[in-house]
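What follows is a set of notes on a single structure, which appears directly below.
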Amino acid sequence: MRLAPKIFVASSLVIVVMLGVGALSLRAVGHLVSVNAAITTRSVPAVRRAAAAHDAMLSLARLEARFLLLGDAAFSSLWDERAARAREELDRLREFLSTRHAAELLASIMKTFAQYREVVGQERELVLRGDRARARELADSLGRTLREGVEADLDALSEAIHAAALAAQAEAAKLEARTWAGVLVALVAALGLALLGTAIIAVRLTRSLRALSTATAAVAAGSFREPITVEGNDEAADLARSFNAMAERLRELDELKQAFLATVSHELRSPLTSMREAALLLRDRVGGELSERQSRMVEIIAASCDRLLRLVNQVLDLSRLRAGVLTLDRQPVDLDRVVTRALDEMRPQAEEAGLSLTFERRGHDFVVEGDEDRLVQVLVNLVANAIRFTMRRGRVVVRLHDAEHEVEVQVEDTGVGIPALALPHILDTWQQAHRQRGGTGLGLAIVRGIVEAHRGRVTVESQEGKGSRFSVLLPRRKEKT
């Protein structure tokens, strides 16, 4: 999947979750509004009408008592008016009830109230017949019982309506709590999805970029061996494929260059050798006497031939090293003897440059397994480098150190040092820190190649303006059992 669809899918998931949160919130808000509306439009009016009916019953009781006491027809008419009004309140109360229990209580109230009206009617008839004692007795017994029953049921109805309102509020509170919990869970899920999607894309990109960075550094160092592993079909995979194609093309060009240099060097070697030998013969006056000017020109020819032959030999050695076909005559080698041979060869050059060339030993066992002539070549290259970049009256020290499982050779100088930017690549092919001081940029690359062919390693420490230290570490020769 391409990066754009991945980002779109991750964003869409987050948006879907957020929409779900919004829908859940709107639903909860709608339910809360309906609960509040029910409390406002039903519960509150129902409580008010129940209270009004309760007050009407108290008023009816007072009017009943006055009629029985005074026998005034006006109280009877007023009682009928208040009773009709109380019946209307009870009829209207039915519209505001929302529970079955409340409806049952109202039905009981209506029935008891109707019985109470009948009893009051009987009391009136007794009063009209002049039997007030019996009328008061009926009022104090059955009439009071029915009236108190209505009042009790009205109190129970008010409590039922209030309880229903409280239950609705409790349900609304629970819904609010569930809504908040759902919103928080959804937000956490959305955040988790966003972070997960971002992490997946970021890991994919950073892993690909890290691989590309490592491979780029390897190509910059001249290594084209391992292609980048391509995973997926997104833009990062396309970039990796393009990089592999580029690296393969660079490898082919590098091999072509090396083959060309090796071929040219091989072809130049024979004529250069002939030119050098001819110049030496002329210098030795085999063809006759030479003038002073002619002798000087012959010396220049011979020196130039030597320099070109060294360059040709270095290119050929480097080509063999890179192809892995450099022949090594592996024998037990005492590095003490190797260092001594290299210093004997380089001492005249050091004396001519006005430098102190010394040899220090730490330990006693310096035997390794390798090719003595190639190891001498390593030391000669390192010491020649140190002499070239050290000012007159400077110092070059070669140290031989017995380091248990390895033998270490250090070549340290008090020369100009290596700039920090050039230090990581100083052992690469054609690399020079100070081109104005001469050299081909091949000597240190050959040193590293020969040392690595001996399963060793080369390290460099340097501080510009104070000097450099090259360390060659070679594995110790294994004793045969």
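Throughout, read-outs are computed from the coordinates displayed, never taken from laboratory work. Owing to the predicted nature of the structure, the values given are computational and were not obtained by experimental measurement. Methodologically, a virtual Cβ is constructed for each residue, glycine included, from the backbone with ideal geometry; neighbour enumeration extends over all protein chains shown.
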Check: Tell me, in nm to one decimal, what length is gained between Glu352 and Leu58 on full extension, where the rule is 0.36 nm per residue of separation less the Cα-Cα distance?
Finding: 92.2 nm
Next item on the list: May I ask you to derive the relative contact order of the stretch 56-215, considering only C-alpha pairs under 8 Å and at least 6 residues apart, and to give it as an integer percent?
Entry: 21 percent
Next item on the list: Taking H placed 1.01 Å from N in the peptide plane, check which residues at least 5 places from Ala403 or on another chain put their amide H under 5 Å from its amide H.
Entry: Glu408
Check: For the stretch 118-203, what is one quarter of the convex hull surface built on the Cα atoms, given in nm²?
Finding: 7.4 nm²
Notebook entry, point to check: Semi-axes of the stretch 335-475's equivalent ellipsoid from the Cα gyration tensor, sqrt of 5 times each eigenvalue, largest first, rounded to whole Å?
Noted result: 22, 18, 14
Next item on the list: Determine how many Å³ per residue the convex hull of the Cα atoms of the stretch 48-90 encloses.
Entry: 42 Å³
Margin query: Per-residue counts of other Cβ atoms within 10 Å, averaged by peptide: what ranking do you get for 235-244, 181-190, 155-164, highest first?
Written below: 155-164, 235-244, 181-190
Notebook entry, point to check: Rounded to a whole number of µm²/s, how large is the Stokes-Einstein D of the stretch 86-141 at 25 °C and 0.890 mPa s, given Rh as the Kirkwood radius over C-alpha pairs?
Noted result: 190 µm²/s
